[in-house]
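The values are calculated or read from the model by the stated rules, or taken from the named source; none is laboratory data. All figures in this text were calculated on a predicted structure; none of them were measured in a lab. Ideal geometry is used to build each Cβ from the backbone, glycine not excepted, and the neighbour counts take in all protein chains shown. For accessibility, only protein heavy atoms count, side chains too; no ligands or nucleic acids. Shrake-Rupley method; radii C 1.70, N 1.55, O 1.52, S 1.80 Å.
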Amino acid sequence: MMRSAFLGGTLAAVDSVPGAAAAEATQSLPMNFLTGYGDRAFPVVNLTWGVLAISVIVVIVITALLLGALFRRRPGGWAHDPARLPVSREGNGLPWISIGVGISTVVLFGTVVWTMTTLSAVMEPDEDTALTIEVDAHQWWWEVRYLGDSPDEIFTTANEIHIPVGRPVRVRLVGGDVIHSFWVPALSGKTDVIPGRTNRTWIEASEPGVYRGQCAEYCGLQHAKMGLFVIASPEDEFEAWREAQLAPASDDIAEDAARGREDFMRNCSACHTVRGTPAGGAVGPDLTHVASRRTIAAGTLENTPANLTAWIEDAQTFKPGNRMPTLDLEGQTLMDIVAYLETLE
Amino acid sequence: MAELSRVPGIVDDTDPAVRRRLDETWAESGGIAAWFTTVDHKKIGIRYLVTAFVFLLLGGVEALVMRMQLAGPDRTLLTPELYNQLFTMHGVTMIFLYAGPILSGFSNYLWPLLIGARDMAFPRLNALSYWVFLFAGIFIYASFGWGVMPNNGWFNYVPYAAREFNPGPNIDILSLGLILLGISTTVGAVNFIVTVMRLRAPGMSINRVPILIWGTLTASVANVLVIPAVSLAFLLLWFDRNFDTAFFQVDAGGQPLLWQHLFWIFGHPWVYAIVLPAMGLVSDALPVLSRRPLVGYTPVALSTVATMALGFGVWVHHMFATGLPDISMSFFSGASIVIAIPSAVAVFAWIATIWMGRPVFNTAFLFFSSFILMFVIGGVSGFMTASVPVDWQLTDTYFVVAHIHYVLIGINLFPVVGGLYYWLPKMTGRMLNEGLGQLNFWLMFIGFNMAFFPMHVTGLLGMPRRIYTYQSGLGWDSLNMVTTVGSFILAAGILVLLVNIALSLGFGRRAGANPWGAGSLEWATSSPPPHYNFVVIPEVASRHPLWEESLQESLRRSRVRQGYELSEGHETFGTGTLDGRPDVILRMPGDSWMPFLLSLSLTLLFAGMLLQSWWAGAAGLLAILVSLAVWLWPEPHLGQAVEREHG
């Protein structure tokens, strides 16, 4: 049985981030947004708790009033046959409406003001952004491009966004096929990725950790399996990661991996790119450093050699309808290709 | 009265000669043909109720199957495509084929009785509206036969709806089916509007109509204004898919967001259209069972209209995550929060009515009073999603699924079931069983809240909507199991309702004209009412014609036992829109094949368009023209010659 990515993948990933204070909170309920991390999230978390509290209080008050109305003592006890009970217009009910609506109106207008101030607080980051990342959403994975001033600072990865802790990061959302929505609950609410448009948002993680995200706009067959991870690490670790990602694939590999590279070029390069090799396909994810990623197929499976083998052999079992074809590779070829992919760290 | 073509005499409603004349005049052709030719609003109303209820059951079964798939993580009962088709059909069915039409059923049945008229203003149009609804439902459900059900959600966003990503006929069936249904909704809405403007009994000024009239009138005006937007959107989409136009295609300069605007300009007012009449049912029946007139009739009536007026300006709250400028989001956010104010008016009016009255805890009352609580829960969750930054998190999670079900089950289904307990005795002449009724209520109340309340939490824990499966370890597993169990308890409640109705039809206690001691006109006539509704046309002097003796609020009395005899054909009074003074004796058409044939022709045209069989389409179009010509051919006995004199 394949290990589902979430349990295996994320917990392992969290362990590997030193000083991950956020780890515990994001671990048990990784998609909740009642706790947030970073300046983009904090004001919204407060507002969310605020309107949630108002809502709960309203429900409690109304329930109490309703129960009072239903069960308050009445002269003559309870009636069972309405037709025998005469109607009468006793008392003046209008104060109920004027007082009730009066109080509601004050609360509602207060909420409007709180909403507006929160909105203006989170639209733009206060300080300069550390970097700009371009995210292209595809059916059903995320292409992540780190932008830079010169071409040699630009690289592409998939389904994982690494950011430095405590620095706002700008995210450009470039629409491709159908509408998707970029969502990392602990860091930021949703921003749709719409074909023909480029939407902008930003994220910031106040603490190191792995933050799970997922596509939040129905995008077809595998909308359910379009996960995303944001990994926040201290500045120096992030820089080290970036340096590693900028490097092309290593040539210095073992014999089976070298055979696997040949097979990869023959079978996989039409769709996948490995920088530093002839593989330049643009249909599927860039695999230059695929071995460094935590999951495969957008959070569907933990990235282990066994899972990778099973995925290449028959991707349709794990994520029916995805664009990865079943190639009927021979056993040895398959093993060599996996051996090659494992060198792409 | 002087302007009338004749002054009808005042007769007693027990006069056997008058009854005989009316029975003869209003008799329908018998046999199988009567199934297709009737224009009686009561039969049409009951058909609407039955058909919409069948769609409720279909949509319910779809939901139960989905709940089995989602009961635990990584379940494989359904393929992803089948799941996507089911959630789409569930939404389309419940929103378009159940929630709207069931209220049309109540309003069709009740309106003429509530306002003291003999039928709707356009009886044949009424029949047309029903037949087109039925055929549109069958049209959409025919997709089941080929396994190509629509698969893109009821909101049907492009570009996933475009041919490039969705090459099968699924979306074409949805598009054409909903355009067809739009015809039904539109003619129905026009009929309601004209009926209330022109057919109220003498003396029933606009401030004396029951709240249900305000609710359905408001909803109808909204429908006339917004159905064109969605019908147009679906037509443009059909063009895009079949003739390579580029209204929504990005490559050719189209705009996916155009779809969202057109859809939600319709979609949000539609939500109000499928709750305001249901709120009206409660506002009319709850006071009867609390033995006092509704507290704050005028504020409640005005808040109904105000809700819809504001309701036209909130559609963008469905699009807060699309990257719109913050200034426009602020506007729509404010409007969406403020729209809670008219709702608060109604809530406090209902609670005050119970508080100051003497409630009778029968089944209908349980449904109506518990509805208030669910209305408030659905209201506050809507209030939360109205706040833009909060909505960025809540939107497209199960929190919104919880919200929409508190609105649609809490505010639509609960009043509807309560309404059945309350009004079925009028329709069938037989009471429902109270014991089964209480069981029915508690199963539905517990099942519903058990299914949908936990969804708020599931949403706050980040479970997205419209996913066919989920992984374990996200904190969603047990909540989903609870929801699944609750949904089956809710379904059991619906089954008890069906059993209760079946038993009632066979063995129910006779209801009599007015089993609840109610004050409005529908209870003045027998249960079930005769074809012509009222032997004599009542004359109304207050908001509660049957409660005037108890309330003693004025010396003037409505006349319901005695009144004008209108028996020279299918006659009823046409009255002034505001004051309810009669200014014409209207003659209404009797049974006709034309509504059925026109509906069939329309369906043939749409089937031809779907199959791109242009011969079938042309035949349908020709049949439409012929049916219309026959329908509209002037008939002197309907007074259509007289109309010419007025120019």
(message) Rolling a 1.4 angstrom probe over the protein chains, ignoring ligands and nucleic acids, what is the accessible area of residue B:245 in square angstrom, nearest 10?
(response) 40 Å²
(message) Just to be sure I understand: with springs between alpha-carbon atoms less than 10 Å apart, which residue in A:191, A:277, A:63 has the highest mean-square fluctuation in the Gaussian network model of chain A?
(response) A:63
(request) Identify all aspartates and glutamates with a Cα-Cα distance to residue A:319 below 12 Å; exclude those on the same chain that are fewer than 8 residues away in sequence. (result) B:74, B:81
(request) Could you give the spread of the C-alpha atoms of region A:127-238 along their three principal axes, from largest to smallest, in whole angstroms? (result) 40, 30, 22
(request) Please list A:319, B:43 in order of solvent-accessible area, largest first, computed with a 1.4 Å probe with all protein chains present. (result) B:43, A:319
(request) Taking the convex hull of the Cα atoms, report for chain B its projected area averaged over all directions, in nm². (result) 29.3 nm²
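Roughly to the nearest percent, how much of the accessible area of the protein assembly as shown is carbon and sulfur, given a 1.4 Å probe? Write down the numbers at each step before the final one.
On the way: 22930 of 35640 Å².
Heavy-atom surface of the protein assembly as shown belonging to carbon and sulfur, 1.4 Å probe: 64 percent.
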(message) For a quick check of understanding: with a 1.4 angstrom probe and all protein chains in place, what accessible area in square angstrom does residue A:317 have, to the nearest ten?
(response) 90 Å²
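Enter the buried accessible area of the A/B pair, total of both sides, probe 1.4 Å, in Å² rounded to the nearest 100.
Counting protein atoms only, the buried area is about 8200 Å².
Would you mind counting up the charge near residue A:181? Only other residues with Cβ under 13 Å from its Cβ, with Lys and Arg at +1 and Asp and Glu at -1.
Numbers: positive: A:190, A:197, B:465, B:466; negative: A:192, A:217, B:391, B:396.
Summing Lys/Arg as +1 and Asp/Glu as -1 gives 0.
Where only protein heavy atoms count, and the probe is 1.4 Å, what is the accessible area per residue for chain B in Å²? Don't skip to the answer; put the middle values down first.
Details: 21330 Å² over 647 residues.
Spelled out: the 1.4 Å probe surface of chain B, per residue, equals 33 Å².
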(message) Relative contact order for chain B: what percent, with Cα pairs under 8 Å and sequence separation of 6 or more?
(response) 21 percent
(message) Among DSSP bridges having both ends in region A:127-238, what percentage is antiparallel? Round to the nearest 5.
(response) 70 percent
(request) Pop a pseudo-label 7 angstrom from the Cα along the beta-carbon direction at both residue A:92 and residue B:242 and give the gap in nm to one decimal. (result) 6.3 nm
(message) Just to confirm, what accessible area per residue do you get for chain A at 1.4 Å probe, in whole Å²?
(response) 41 Å²
(request) State the volume of the convex hull built on the alpha-carbon positions of region B:403-554, expressed per residue in Å³ and rounded to an integer. (result) 162 Å³
(request) Name the aspartates and glutamates eligible as straight-distance cross-link partners of residue A:190: C-alpha to C-alpha under 16 Å, and not fewer than 8 places from it in the same chain. (result) A:39, A:124, A:134, A:136, A:204, A:217, B:326, B:391, B:396
(message) Tell me the Rg and the Dmax, in Å, that the Cα atoms of the protein assembly as shown produce.
(response) 31.4, 109
(message) Can you tell me the orientation of helix B:276-289 relative to chain B, as the angle in degrees between its alpha-carbon axis and the longest Cα principal axis, to the nearest 10?
(response) 50 degrees
(request) Please report, to one decimal in angstroms, the Kirkwood hydrodynamic radius of chain A built from all distinct Cα-Cα pairs. (result) 23.3 Å
(message) Using the Cα centre of the protein assembly as shown as origin and beta-carbon charges of +1 (Lys, Arg) and -1 (Asp, Glu), tell me which of B:380, B:494, A:281 is placed farthest towards the positive end of the dipole.
(response) B:494
(request) Work from the charge dipole of chain A (Cβ charges, +1 for Lys and Arg, -1 for Asp and Glu, about the Cα centre) and give the residue of A:312, A:66, A:103 farthest towards its positive end. (result) A:66
(request) Run down the lysines and flag those whose C-alpha is under 18 Å from the C-alpha of residue B:426, throwing out any fewer than 8 positions away in its chain. (result) B:42, B:43
(message) Starting from 0.36 nm per residue, how many nanometres of slack lie between residue B:581 and residue B:197 once their C-alpha separation is accounted for?
(response) 137.1 nm
(request) Have a look at A:125, A:248, A:75 and tell me which one the Gaussian network model of chain A (Cα, springs below 10 Å) gives the largest fluctuation. (result) A:75
(request) Would you rank A:149, B:74 by solvent-accessible area, highest first, keeping every protein chain in place and using a 1.4 Å probe? (result) A:149, B:74
(request) Using a 1.4 Å probe and counting only protein heavy atoms, arrange A:39, B:244, B:172 so the residue with the most accessible area comes first. (result) B:244, A:39, B:172
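Quick one: Kirkwood hydrodynamic radius for region B:571-639, alpha-carbon pairs, angstrom, one decimal? It would help to have the intermediate numbers written out before the result.
Values: mean 1/r = 0.0698 Å⁻¹.
Evaluated over region B:571-639, this radius sits at 14.3 Å.
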(message) With a cut-off of 8 Å between alpha carbons and a minimum separation of six or more residues, what is the relative contact order of region A:233-344 in percent?
(response) 32 percent
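For chain A, with only Lys/Arg (+1) and Asp/Glu (-1) charged at the beta-carbon, what is the dipole magnitude about the Cα centre, in debye rounded to 20?
Working: 25 positive and 41 negative charges, 537 e Å.
Dipole magnitude for chain A comes out near 2580 debye.
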(request) List the residues of region A:186-205 whose backbone N lies under 15 Å from a point placed 7 Å from the Cα of residue A:126 along the Cα-to-Cβ direction. (result) A:204-205
(message) Please list log₁₀ I(q)/I(0) at q = 0.21 Å⁻¹ for region A:59-148, using the Debye equation with identical point scatterers on the alpha-carbon positions.
(response) -1.17
(request) Working from Cα positions, state the angle (0 to 90°, nearest 10) between the long axis of helix B:477-507 and the longest principal axis of chain B. (result) 20 degrees
(message) Give me the percent relative contact order of chain A, please, defined on Cα pairs under 8 angstrom at least 6 residues apart.
(response) 19 percent
(request) List, largest first, the extents of the alpha carbons of region A:255-342 along their principal axes, each in whole Å. (result) 30, 26, 23
(request) Check each residue of region B:286-321 and keep those whose accessible area, probe 1.4 Å, is at least 50 Å² smaller with all protein chains in place than in the chain alone; give them in order of residue number. (result) B:291, B:292, B:321
